[in-house]
Amino acid sequence: MKIRHSLTGNEAMAEAMRQINPDVVAAYPITPQTEIVQLFSNSVADGKVNTEFVTVESEHSAMSATIGASAAGARAMTATSANGLAYMWEVVYIAASMRLPIVMPVVNRALSGPINIHCDHSDTMGARDSGWIQIYSENSQEAYDNLIQAMRVAEHSEIQLPVMVCMDGFIISHGMEVIEMEDDDTVRKFIGEHKANYSLLDVKNPITMGPLDLQDFYFEHKKQQAEAMKNSAAVIRDVAKEWEKLTGRSYDMIEEYRMEDAEIAIVAIGSATGTAKVVIDGLREKGVKAGLVKIRVFRPFPKEEIAKALANTKAVAIMDRAESFADFGGPLFRDIRASLYDHDVRPKMVSYVYGLGGRDVMPEDIASVYADLERLVKGEQLPMLNHLGVRE
Amino acid sequence: MAVNLKALSAKEPALSAGHRACAGCAAPIVVRQVLMASDKPVVVGSATGCLEVTTSIYPYTAWNVNFIHNAFENSAATISGVEAAFESLKKQGKIDDDINFVAFGGDGGTYDIGFQSLSGAMERGHNMLYVCYDNGAYMNTGIQRSSATPQGANTTTTPAGKVSTGKKQYRKDLAEIMASHHIPYVAQASVSNYRDLIEKAQKAFSIKGPKFLNVLSPCRLGWGFNPENTVDLAQMMVDSCFWPLFEVENGVWKLTYKPKNKPNIEEWMKLQARFKHLFRGEEGKAVIAAAQEEVDKRWEQILARCGETM
């Protein structure tokens, strides 16, 4: 049964967590994630979940305790933002290396400094090589759907990798939208019972977790981790198909919007893609063949899908909501350029770093990017690296 | 609580022989004695450090019980998560066993980098025992000073030199800080007084809630003494009142060992290479005297807290 609710992104995430009913949540408050933790603790206080809620003294301990709980065979979750993610950095890598199916909402916020509480992707982009699957959301509906699907992906017996489910701070986390929720039973049936491959609480079959792993085996274990990440793409697609059958809401690694005959395209992540869709509709009415590729899954990186989607375009703008101080665009820009390297026909490609520290990206900003792409198609020279909407 | 050594020695040890700790290392002795005291299955966590690297080199393990190592500073937080999982699954009827949860850390992983994690876990009231094996420096990385290092010790980051007499500060009193958390049980023990150590571990396991045990654990490499002298050396340190044996049960302080003779700390300092430089001149003498004064002052404080007189 579907239920329609007006919810903020944080409320949607907290509701999804209540429905998931994890055995353990260990979390620490940080803006703009705080509300998720508060709302979830209400569910704990009212006995709506079986969760042991561990109110840790830091994000480092949040992830450490979540790792302990997950290693003990529990379905374990935490949630964070920005500096909180940075503070747990060390153990974020360990969670993935221990192959623990932890699911963590991350409410994207600019990483300090200077300190800023608003949206950009500098926090999770920094964690892109940590071995976590990363799924990004365009709106509250997607945040809800992604969080539930993430559980299945993480716990898949062949995958056993942690998943970050990301949504834009404030823009989504505090923006109210009408979303469709499934009822508790449907969600609980969909995610099923958690059966850990190993558990520290299985006292009859003792195991050693997190041993010292030196030159003779470390590399093999890293290769296995890379294989699991590679194999997760198929599982992400399968789980999405199953979710679609149940809910009618479809998901894939990427979403193509009006790309069938697009000559110019933007590739972006998160809430800005919703804005881009509105701009595209306007441009299409004027006969401009504009399109959008939205990245839903950033890790594993959907290189083939992206290359295929962009194959017939003439010019593409890659929009990164993170600066990586490489003087070579943001992380998405570089990954996409590399994805097209082996293709004979390659569109012109430019980088736009945008929206840092919560700087609004308005429809006219997006329109200006498409205008740039049109000029590029006409043969005009444009700089490869751009910062959109910044005062010079 | 009576300690039946014969019965205990017949138990299968949680930590098996074949681990790679140095000959004369006190840490594995402490671990085995503490875990021997549990009459329930145990799940063990360890901070990064000597204990972890010498007992779990993949694909081998010296652990006969469930063991987890996560990182350096989070042994307490990690075990708190394991314990939370147990509480949740037990309540849901998904698990039947009763289990004791134990986190180990060296002094670096406990007094310093893991201090916040420890304080948080104890304050939250998890049903777990934290055991610090205190060897007074970062031994695993090569003998760097920690806040547990005794005053005057030569370490690789407080080396004795032309203008240095080793570590300047006296050690942090962690047991006292943990007692200030007002948790049900805090105790200080030593590898030398094994009956006292096992009794304290037994008591800790019998109490629900957070427990903390600080155990003197000589390091033959970092301190510079012969491996056969581990226990004797620890005994001298206990007798000198540098390392008093006490417990704080529900806020009540109790001395569990009163030495018959109280040797000066100089007696055990001269047996350890890390204090060698203090015996070469007037400056060293002054450091020893200052450290002795601090030991005496703190011993008086402990006596007062425990309602004892010497």
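The values are calculated or read from the model by the stated rules, or taken from the named source; none is laboratory data. Small disclaimer: the values here were computed from a predicted structure and weren't measured. We place every Cβ from the backbone using ideal geometry, glycine too, and count neighbours over all the protein chains shown.
In this structure, does residue A:44 turn out to be within 14 Å of chain B (Cβ to nearest Cβ), of a type in the set (A, V, I, L, M) and buried (at least 20 other Cβ atoms within 10 Å of the Cβ)? Against the criterion (within 14 Å of chain B (Cβ to nearest Cβ), of a type in the set (A, V, I, L, M) and buried (at least 20 other Cβ atoms within 10 Å of the Cβ)), residue A:44 does not qualify.
Only one of the numbered conditions (1) outside any helix (DSSP H, G or I); (2) away from every other protein chain (no Cβ under 14 Å) is not met by residue A:25, and that is (2).
Flag: residue B:141 does not match the condition of being among the hydroxyl-bearing types (Ser, Thr, Tyr) and surrounded by 24 or more Cβ atoms within 10 Å (Cβ to Cβ). Kindly provide the set of residues from region A:225-259 that are without any contact (Cβ under 8 Å) to a residue 24 or more places away in the chain and not hydroxyl-bearing (Ser, Thr, Tyr), ordered by number. Matches in region A:225-259: A:226, A:227, A:234, A:237, A:238, A:241, A:244, A:245, A:248. Within region A:312-350, being small (Gly, Ala, Ser) and out of contact with any His (no Cβ under 7 Å at 6 or more places or on another chain) holds for A:315, A:317, A:324, A:326, A:329, A:330, A:338, A:339.
Here A:284, A:237, A:258 are screened, and the one residue that is at positive phi and modelled with pLDDT of 95 or more is A:258. Residues that are in contact with a Lys or Arg (Cβ under 8 Å, 6 or more places away or on another chain) and either closer than 26 Å to residue B:97 by Cβ or within 14 Å of another protein chain (Cβ to nearest Cβ) (or both) occur in region A:159-175; there is at least one. Within the set A:353, A:377, A:369, A:361, the sole residue that is among the β-branched types (Val, Ile, Thr), over 25 Å from the mean Cα position of the chain (by Cα) and modelled with pLDDT of 95 or more turns out to be A:377.
Those residues that are under 15 Å from the mean Cα position of the chain (by Cα) and polar (S, T, N, Q), I need them from region B:18-45; list them, please. Matches in region B:18-45: B:33 only. Looking across region B:169-212 at every residue that is touching a Lys or Arg at 6+ places or on another chain (Cβ under 6 Å) and within 18 Å of residue B:126 (Cβ to Cβ), the one that is surrounded by the most Cβ atoms within 10 Å (Cβ to Cβ) is identified as B:204.
Quick check: is even one residue across region B:244-253 assigned to a helix (DSSP H, G or I) and among the aliphatic types (A, V, I, L, M)? For region B:244-253, residues assigned to a helix (DSSP H, G or I) and among the aliphatic types (A, V, I, L, M): absent. Out of all the residues in region A:67-116, which are touching a helix residue (DSSP H, G or I) at 6+ places or on another chain (Cβ under 6 Å), part of a loop (DSSP other than H, G, I, E, B) and within 14 Å of another protein chain (Cβ to nearest Cβ)? Scanning region A:67-116 gives A:72, A:74, A:78, A:88, A:100, A:101, A:102.
Mind listing whichever residues of region A:19-29 are touching a residue at least 12 places away in the same chain (Cβ under 8 Å) and either out of contact with any strand residue (DSSP E or B) (no Cβ under 6 Å at 6 or more places or on another chain) or not assigned by TED's automatic domain parsing to the domain that holds residue A:65 (or both)?
A:19, A:20, A:21, A:23, A:27, A:28
Just one of the numbered conditions (1) within 7 Å of chain A (Cβ to nearest Cβ); (2) within 18 Å of residue B:140 (Cβ to Cβ); (3) in contact with a Phe, Trp or Tyr (Cβ under 9 Å, 6 or more places away or on another chain) is not true of residue B:106: (1). Taking the numbered list (1) within 25 Å of residue A:247 (Cα to Cα); (2) within 10 Å of chain B (Cβ to nearest Cβ) in turn, residue A:12 passes all entries but (2).
As a summary of the residue check, residue A:35 satisfies the conditions (1) away from chain B (no Cβ under 14 Å); (2) at positive phi except for the one numbered (2). Just for region B:73-98: of the residues that are of a type in the set (A, V, I, L, M, F, W, C) and buried (at least 24 other Cβ atoms within 10 Å of the Cβ), which one is farthest from the other protein chains (Cβ to nearest Cβ)? Across region B:73-98, the extreme among qualifying residues is B:76.
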